[in-house]
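Participant: Next up is a structure, given as structure tokens.
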Amino acid sequence: MGLFDFKMSAEEYLSYSYSVPDSIPKLPLLDEEFVQKWRKYNGQNALEFLEEEFLIDTKKYDFEEQAKITLTFTSTMGGNLPVIFTSNHEDFIKMESLLNGRDHLREIPLTVNAFTIQARNERIYQNRIILLNEAPYSNVSADKLSLKADEWLKRSYKLRLRHESAHYETLRILGGMKNHALDEILADALGQIAAFGNFNAARQRIFFGLHGDKCDGRLQFYCQKVEEDERHLVYRAVNEVLDIVERKICEALSEKLSEINIFCMLAGQSIEKLIKSGGGD
């Protein structure tokens, strides 16, 4: 049975949230054990690292821009995490396959250029890595945001990296991460703050491909568990909640609330609850 074979109602979907503990542990959390081995290769070519440290056959694929495939690190509230960077979508697809020990390439849409991976290659099994490709975020062109192309690429990198870090943080701090609209709102909210200094609901609708109760963008992927004839209800709810999220984040930033406060505020309330409360706690 496939990932999306179990269907749920829009009501069930919109009631999902994380259980936020009363007491958050000291942040950032300690790094996971595997991180130390990766840190020795910070700044090096990622393909060379995978060959030297894990004896992975990286020549299995013909990477187009090998020299630009680098290994760096990012600091998150959940601890440091290795980041493998690619500079084109084909190399991104090949690296995803390599890290997961797959004997074939998976089709990945142009709107997807990042993963927080728990590697399945038997030589690096369960190491967690952010895989990040250089591309406009959500495959949105710079002119849609009234930005120059080079500026949008720089902002896309910041947004994408913070987005993936947020998924890792929900995993380590709250015990899970899902392909769900709430997770995407949380991750994109922190990403927008990192890239733009604020959260803008209209900008988020562009990233989601959201038009009222219709969607032609990446939000569709996160709603595949919902019964098809009810997905418009989810789109409508997300469309409504984005204005509430914008207002809450604007208030939080003006009050200089910490990042973990914003994180918990968004993770701990379902989309349904946020709408019913009108944004009040």
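Participant: Keeping all protein chains in the complex and leaving out DNA, RNA and ligands, what accessible area do you get for Leu29 with a 1.4 Å probe, in Å² to the nearest 10?
Facilitator: That residue has around 30 Å² of solvent-accessible surface.
Participant: Then there's this: Taking amide hydrogens as modeled 1.01 Å from N in the peptide plane, which residues meet the under 5 Å criterion relative to Thr70, leaving out close sequence neighbours?
Facilitator: Residues meeting the amide H criterion: Ala46, Phe85.
Participant: Can I ask one more? Between the range 123-152 and the range 25-90, what is the C-alpha centre distance in whole Å?
Facilitator: Cα centroid of the range 123-152 versus Cα centroid of the range 25-90: 16 Å apart.
Participant: Same structure, new question: Sequence gap of 8 or more, or different chains, plus Cα separation below 23 Å: how many lysine pairs satisfy both in the range 89-213? Walk me through the numbers before you get to the answer.
Facilitator: Details: Lys94/Lys158; Lys144/Lys154; Lys144/Lys158; Lys148/Lys158; Lys158/Lys178.
So the count of such lysine pairs works out to 5.
Participant: For the full complex of protein chains and a 1.4 angstrom probe, list His89, His232 by accessible area with the highest value first.
Facilitator: Numbers: His89 30, His232 70 Å².
Ranking His89, His232 by accessible area, largest first, yields His232, His89.
Participant: Let me ask something else. Note down the nm distance, to one decimal, between modelled labels 7 Å out along Cα→Cβ at Asp229 and at Lys60.
Facilitator: Distance between label points: 4.4 nm.
Participant: Would you calculate a helix-derived [θ] at 222 nm for the chain, using -39,500 (n - 2.57) for each DSSP H run of n ≥ 4 and dividing by the full residue count, to the nearest 500? Spell out each step's value before the answer.
Facilitator: Numbers: 11 runs with 124 residues, N = 281.
Mean residue ellipticity, 222 nm, calculated: -13500 deg cm²/dmol.
Participant: Give me, ordered by chain and number, the residues 5 or more places off Val226 or on other chains with an amide H under 5 Å from its own placed amide H.
Facilitator: When sequence neighbours closer than 5 places are left aside, the close amide H contacts are Met8.
Participant: Now a separate question. Sequence neighbours fewer than 8 away in the same chain don't count; with that in mind, list the lysines whose C-alpha is under 16 Å from Lys256.
Facilitator: List returned: Lys248.
Participant: Please work out whether the range 11-144 counts as rounded, prolate or oblate from its C-alpha gyration tensor, where a ≥ b ≥ c are the square roots of the eigenvalues and a/c under 1.5 means rounded, while otherwise a/b larger than b/c means prolate and anything else oblate?
Facilitator: Values: a/c = 1.74, a/b = 1.21, b/c = 1.44.
Oblate is the answer for the range 11-144, as a/c is 1.5 or above yet b/c matches or exceeds a/b.
The values are calculated or read from the model by the stated rules, or taken from the named source; none is laboratory data. Everything numeric here is computed off the predicted structure, so don't read it as measured data. Here Cβ is always computed from backbone atoms with ideal geometry, including for glycine, and neighbour counts include all displayed protein chains. With ligands, DNA and RNA removed, areas are computed over all heavy atoms of the protein, side chains included. Shrake-Rupley method; radii C 1.70, N 1.55, O 1.52, S 1.80 Å.
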